[in-house]
1. Taking every DSSP beta bridge with both residues inside the range 245-492, roughly what % is antiparallel (nearest 5)?
2. Let me check I've understood the local charge: for H382, count other residues with C-beta under 13 angstrom from its C-beta, Lys and Arg +1, Asp and Glu -1. What total comes out?
3. Name the residues whose placed amide hydrogens come within less than 5 Å of the amide hydrogen of D435, ignoring near sequence neighbours (fewer than 5 apart) on the same chain.
4. What is the Cα centroid distance between the range 82-158 and the range 304-371, reported in whole angstrom?
5. Local charge sum around M109 (other residues, Cβ-Cβ under 12 Å, Lys/Arg +1, Asp/Glu -1)?
6. From the phi of every residue in the range 60-65, what ³J(HN,Hα) in whole Hz does the Karplus formula 6.51 cos²θ - 1.76 cosθ + 1.60 yield, where θ is phi - 60° and glycine or proline is x?
7. Would you mind working out the magnitude of the charge dipole of the range 245-492 relative to its Cα centre, with +1 at each Lys and Arg C-beta and -1 at each Asp and Glu C-beta, to the nearest 20 Debye?
8. Please list 3J(HN,Hα) in residue order for the range 388-397, calculated via the Karplus relation 6.51 cos²θ - 1.76 cosθ + 1.60 where θ = phi - 60°; whole Hz, with x for glycine and proline.
Amino acid sequence: MSLPPLISLRNISISFGGKPLYEKLFNIISQGDKTCLVGRNGSGKSTFLKIIAGQVDFDQGERFVQPGIRISYLPQDVWLNPTQTAKEFVMESGCASFEAEAILDRLKMNENRIMEGFSGGESRRVALARALVGEPDILLLDEPTNHLDLPTIEWLEEFLRYHNGAMLTISHDRTFLEKVSNSCLWLERGILHHHNKGFVDFENWTDQILQEEEKRLSKTNTKLKQEVEWLHRGVTARRRRNQGRLRKLHKLREEKRALLSMQAGKIKLNKPETSEGSKLVIEALSISKIMGPKPLINNFSTRILRGDRIGIMGPNGTGKTTLIKMLAGILPPDQGKVTLGASVNLIYYDQTRTNLKLNETLWDNLCETGGDQVTLQGQTKHVMAYLKDFLFEEKQVRSPVSVLSGGEKNRLALAKALTQPGNLLILDEPTNDLDMDTLDLLIEMLSDYTGTLIIVSHDRDFLDKLTTSIIGLEGDGVVRECVGGYQDYIRQYPQQKPTDRTFKEGAKKPESEQKSSHRRLSYKEKREYDLLPERMNQLMQQISAAEARLEDPQFYQNHPQEFMRVTQELTSAKEELNQAESRWLELDELINS
């Protein structure tokens, strides 16, 4: 017998400003579902999550939530009270004090730290802590990996593997989705497609849908211009082209491997200048940077040649931004020397999108000196056609940048950076807030870039598809370089992963880290500790009986008032059981501390 759905949506319709965002959407979430929701920016993914969470009203349809279900929702942007501590913020979810401390400890956050001045990564981790605490029945996660470093993303993947409830997540991180999902939803042009396999099969599945749609449209006498244009711009052709680019990338990696295998003194570089600049772009010899008592970068050397594609990765706080600023000549090293090749012209893209003028239109941002042309890789293109390449519609071109979504602003900032004259392009976290179609487009654009690329990113798939070598910052000044992408790096330098026990047994600290102080329970606490297991057993029997009655589909129709009474009793029993379990664990921790 299949379990009843935790949440079901039927015939959901919603519109903003007259035009329907989607109509008659249907979806159910059941126990054990680990579902990814994929779609372009602006397709309504975040709104869909808010409808499930009960935070947005819809125009038509029905939303059913099984009684007693606890839903936890992580939005893209979370407002943090700057006067609160991290622990106080997490406890707003209704969890016990020790639960808040445990989840913050597992996310390496100081529970007593005031949240004023939190970085993007710190804000995301404390928001995740509040969403994950207490084992909710349904987790709704909107771009959970944004601003997180790789160790935290990998920790989150392991946590979700052992999470007993259901999960629905939006993310642009392909590797993350491949590891955590067992089913897919694709929201495209108001239609929600369902697939009972995880994201690993997403591209094959969507290719089949697009091919079937193209065949159907080709048989009609009148083709809708917008639909045909979308298909021609669509994902399938780009994916086929990217296969050829990957073959080219593998060849570049072989060349990089051959160079790194030589001794530095034996590498011969062409000295003469060319229109593309010198062959040598950056040479760093034994550079170090001291921050506090320990070196941030210690005795690192590398040579970056024209056409290299360098990926830089590492946990937050290990010095990625410091390293790229030293390599670019913006920040001098404390020790060692950095030499930039002649005719190196730097283009620097930061994740704060400072190159955009918010009060000007998209057109004016790209054509700052006037006219209607942009120059890309030495070739001119009409600004309208270029913006269409970046998936903007004609009606948006004359709108101010300020009205764009976060993902659209990021897309425009990248489009603008790629039109700047230069032969050394540094991109700091370019993938945040981008949908997958835009990521495919960005990979295509950067694959054709003839200059030198340095990319700081936590997106493993992005690094695998673009980089000829990875520079990894491990902390304590350790910096390593490896030919290839992310997968090549972790094969050469295996990372210590969290064990299954960490997630199965909760957040108990090792004995060496536990407090040595011991407090004996009072008589009242000892009696409470002894009686709680019996009360918890009674509550579990009461919950089972109530759930059995509520599963009867005729119960509500025949006895609506009794149905409401049993539902309220079930909710109260679950709340009391949760409090009892928390109290017993708290007392047990005191006994064993």
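1. For the range 245-492, the DSSP antiparallel bridge percentage is about 55.
2. Around H382, the surrounding residues sum to -1.
3. The answer is N41.
4. That distance is 31 Å.
5. +3
6. Using θ = phi - 60°, the values come out as 9, x, 10, 10, 10, 10 Hz.
7. 960 debye
8. In residue order, the calculated couplings are 5, 4, 9, 6, 8, 8, 4, 5, 8, 4 Hz.
All of the numbers you see were taken from the coordinates with simple rules; none came from a lab. It should be emphasised that the depicted structure is a prediction, and the values quoted were computed from it without experimental measurement. Positions of Cβ are backbone-derived with ideal geometry, glycine not excepted, and every protein chain shown enters the neighbour counts.
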